[in-house]
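**Student:** Sending over a structure as structure tokens; questions will come in a sec.
No value in this document is a laboratory result; all are computed from the given coordinates. Worth saying up front: this structure is predicted, and the values here are computed from it rather than measured. Every residue, glycine among them, receives a Cβ derived from its backbone with ideal geometry; neighbour counts consider all protein chains shown.
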Amino acid sequence: MAEKNLDAVGRFLARQGILVAFVLFMVGFSLWNPRFIDIDNVFGVIRSSAILGVMALGVTFVVIGGNLDLSVGSLMSFSAIVVLDLHENPAFGPYLAIPAMFAMTMAIGALIGFLVGYLRLNSLIVTLGMLSAIHGLTLTWSGGQNMDIANQDATWFGVFGRGTALGIPIPVLMFGLLAAVLAILLAKTPFGRKVYAVGGNGTAATFSGIPRARVVFFTYIISSFCVATAGLIQASRTMGAQNTVGQGMELEVLAAVILGGASLLGGSGTVFKTVIGVLILGFIQNGLLLAGLEFYVQFVVTWVIIILAVWLDIATKRGKLWSAIA
Amino acid sequence: MKSDNMSNLIKNGAIWGFIVLELIFFQIAGEFWSLSERAFMDLDNMLLLLKQSAPIGIIAVGMTVIMINGNIDLSVGAIYALCAIVMLDSMSWPFMESLGDWAIPLAWLFALLTGAVLGLINGIIVWKTGVDAFIVTLGSMLGYRGLVFMYNGENPTYHLNWTMVDIAEWDIFGVETPALVFLVVALIVWFVMTRTVHGRNAYAVGNNREAAVNAAIRVGPHMLINFVLIGFLAALSAVTFYSGSGSVNPNDGMLFELWAITAVVLGGTKLIGGAGSIVGTFGGVIAIQLLRKGLGHIGADTATVNLVIGLILIAVLFLDRQLNVKGKEELKV
């Protein structure tokens, strides 16, 4: 009986290990420094993780669908630059700038989706190429200059990054709302099931009549929508952006998604777990800062945590700690 | 059979054809648009091009081996930066300063050892935990970059030693040290990959890991050696570059992994492993550098260079798949 219970505990740990680790981590840090769990601090952390988090939500769909997206950082820079530039353009203004930016960002997402979905090109290389190409587009658009909103008091544009509603920061609300909608889309709709099917076994999915190409295409549309949202939050928060504002974020986003337990082979992962992955990264960073360490120490800690998380995940699945590679 | 040879010829020759096209295009376009008096296909210009392609090129050679194995290494940029910092910082350690110029080879040794050890760590994790190399090196890319920052904060590390600069700028018939190192590295690794057991095993492991295990190839140690190799080469790349420049920023080497992978893929190496060649990678490196330099020569800015390289990468992938699909259809019959 006891053995059975232990087995159940083991299985629970294997399935929800990341959640358990997160709770342990939060409790430990809160005991050590009560300021950590202070509501202002918690909102602060979620708000600063929101940009990364929103992007990670979209990439979760792409990864579950069995592909990668390395272009999200570059695309986020693009959308931030574009929305700021159009905002300053008298012909657009904030009301038109935002939809125009979403349209352009999602058009690029559609192009990637077409190349990976319909032409079935390798997503790693396509998005690697797009990373470079989009960076070129961004530089062309901005002429290499930083973008700034000249008269920051005269516009309501800052609301997405700086505003609060009901005492909750708007970026946190946007992140939460988007996470909820996408979680339902992934877990409760036929489309969501198709994403899992295509990522789990593309050939089998095709034979069961699932339009593989279209599903993959839409995962990239979702990803680019999330990137546009992240770009909006970023641009609104700082009221200005450099051409390289999102540089390197593609790999941090991927780290959060993997930490949440999505397999790079596709077919597994959930929106909720990705949110946990994002929060873990955010709270680790915050905890280390509160402990008086420099921001870059988090890189090393993140490294160790990612490897341990994925290793334990694999080890529980194969039932052995060490790999069987000869 | 004949069409098979044909398509192989197209595939292997494509990168060189592309290079020739680039040369002709920039030569002619340069006549109209270049502000420079000199022709594009000037010997000095070509030698400079070889020198400039060395940092990415040396890493790309190692990346080829890793990718033939079916693995990938995203941490090379961070290894590059960390080794550069170790090399330049070690020059100002008290006992090193007392050695005079003899500190130089010792500093190089420290840097190369650092690179090899960082590669070893990647390799051991890949071997022992069975976690995919993409994830392992994605993690260590962050981790090693963290170490770079921890070493000296956000400050640049510098140490200028004129003897070291002289060595870095030494030349034989105009071929400067970095270019020479690149050529020698490419030659040695080409030899290893085409003429030795280790090279043959690399293809076997990438092609079919199960079969390689059954053929009594010890896959784990084999991959470990290759990770040590790429760590060493990333360090060597840092040594050749920073001996001349003498100053390194903690952000240096970022996106190097992506440039190296781009060069390797342009050179015809498959992401899934089992296929690829050092000669192709050499072509890929040269093609990219030609493009960057050529576009600069006719007055295009970085924006255009980024745009063009990205689109070419996708186009190459598309063409390559078209050729491969053809081959597979024939197989099915």
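**Student:** Among the helices of chain B (complete DSSP H runs), which have Cα atoms covering no less than 18 Å along the helix axis and a Kyte-Doolittle mean of at least -0.5?
**Tutor:** B:2-33, B:54-68, B:76-90, B:103-129, B:133-152, B:177-195, B:219-245, B:278-297, B:302-332
**Student:** Could you give the length gained by full extension between residue A:322 and residue A:110, i.e. 0.36 nm per residue of separation minus their alpha carbon distance, to one decimal place?
**Tutor:** 72.2 nm
**Student:** Also: According to the Kirkwood expression over distinct Cα-Cα pairs, how big is the hydrodynamic radius of segment A:238-290, in Å?
**Tutor:** About 12.4 Å for segment A:238-290.
**Student:** Still on this model: Which whole-number percent gives the relative contact order of segment B:73-162, counting Cα pairs below 8 Å spaced six or more residues apart? Spell out each step's value before the answer.
**Tutor:** On the way: 74 pairs, mean separation 44.2, N = 90.
Once normalised by length, the contact order is 49 percent.
**Student:** In whole percent, what relative contact order does chain A give with Cα contacts below 8 Å and a gap of six or more residues? Mind showing how you got there, number by number?
**Tutor:** On the way: 496 pairs, mean separation 104.5, N = 326.
Relative CO of chain A lands at 32 percent.
**Student:** What residues from segment A:191-220 fall in the zone where the backbone N is under 17 Å from a label point 7 Å along the Cα-to-C-beta line of residue A:119?
**Tutor:** The answer is A:213-214, A:216-218, A:220, whose backbone nitrogens lie closer than 17 Å to the label point.
**Student:** Treat the count of other C-beta atoms within 10 Å as a stand-in for reagent exposure and order B:229, A:24, B:118 from fewest to most. Each step should come with its number before you reach the end.
**Tutor:** Numbers: B:229 21, A:24 10, B:118 27.
Fewest-to-most ranking of B:229, A:24, B:118: A:24, B:229, B:118.
**Student:** Within 10 Å of each candidate Cβ there may be at most 16 other Cβ atoms; applying that plus a DSSP loop requirement, which chymotrypsin sites (Phe, Trp or Tyr not before Pro) in segment A:224-326 survive?
**Tutor:** Passing both the DSSP loop test and the Cβ count: A:295, A:322.
**Student:** Take the alpha-carbon positions of segment A:130-270, form their convex hull, and give its projected area averaged over all directions (one quarter of the hull surface) in nm². Kindly include the intermediate steps, with their values, before the conclusion.
**Tutor:** Numbers: hull surface 42.4 nm².
So the mean shadow area of the Cα hull is 10.6 nm².
**Student:** Would you be so kind as to identify all helices of chain A, as entire DSSP H runs, whose Cα atoms reach 18 Å or more along the helix's own axis and whose mean Kyte-Doolittle hydropathy is at least 1.6?
**Tutor:** A:39-64, A:170-188, A:271-290
**Student:** Find the Cα radius of gyration of chain A, compare it with 2.2 N^0.38 Å by division, and give the number to two decimals.
**Tutor:** Normalised Cα radius of gyration, chain A: 1.03.
**Student:** Report the net charge of residues surrounding residue B:227, where surrounding means a beta-carbon distance below 15 angstrom and charges are Lys +1, Arg +1, Asp -1, Glu -1.
**Tutor:** -1
**Student:** Give me the base-10 log of I(q)/I(0) for segment B:2-332 at each q in 0.07, 0.11, 0.15 Å⁻¹, Debye formula, one uniform scatterer per Cα, rounded to two decimals.
**Tutor:** -0.30, -0.74, -1.30
**Student:** Taking only the Cα atoms of segment B:6-118, how large is their convex hull per residue, in Å³?
**Tutor:** 177 Å³
**Student:** Fully extended, how many nm does the chain gain between residue B:20 and residue B:158 (0.36 nm per residue separation, minus their Cα-Cα distance)?
**Tutor:** Going from the current span to full extension adds 45.7 nm.
**Student:** Quick one: grab the alpha carbon gyration tensor of the protein assembly as shown, order the square roots of its eigenvalues as a ≥ b ≥ c, and give me rounded if a/c is under 1.5, else prolate or oblate depending on whether a/b is larger than b/c. Before the final figure, lay out each step's value.
**Tutor:** On the way: a/c = 1.29, a/b = 1.24, b/c = 1.04.
Note, shape of the protein assembly as shown comes out rounded.
**Student:** Using Cα pairs closer than 8 Å and at least 6 residues apart in sequence, work out the relative contact order for chain B, in percent. Present the calculation step by step, with values, prior to reporting the outcome.
**Tutor:** Working: 503 pairs, mean separation 113.6, N = 333.
About 34 percent, as a whole number.
**Student:** Evaluate E = 1/(1 + (r/R0)^6) for residue B:101 and residue B:216, where r is the Cβ-Cβ distance and R0 equals 35 Å; express this FRET efficiency to the nearest 0.05.
**Tutor:** About 0.10, to the nearest 0.05.
**Student:** Next up: What number, rounded to the nearest 500 deg cm²/dmol, is the helix-based mean residue ellipticity at 222 nm of chain B, given -39500 (n - 2.57) per DSSP H run of at least four residues and division by all its residues? Walk me through the numbers on the way to the answer.
**Tutor:** Values: 15 runs with 256 residues, N = 333.
Rounded to the nearest 500, the figure is -26000 deg cm²/dmol.
**Student:** In which sequence would B:22, B:210, A:250, A:294 go, from the one with the fewest C-beta neighbours within 10 Å to the one with the most?
**Tutor:** Details: B:22 19, B:210 8, A:250 24, A:294 13.
Lowest to highest Cβ neighbour count: B:210, A:294, B:22, A:250.
**Student:** For peptide A:162-170, how many partner chain Cβ atoms fall within 10 Å of a residue's Cβ, on average?
**Tutor:** 0
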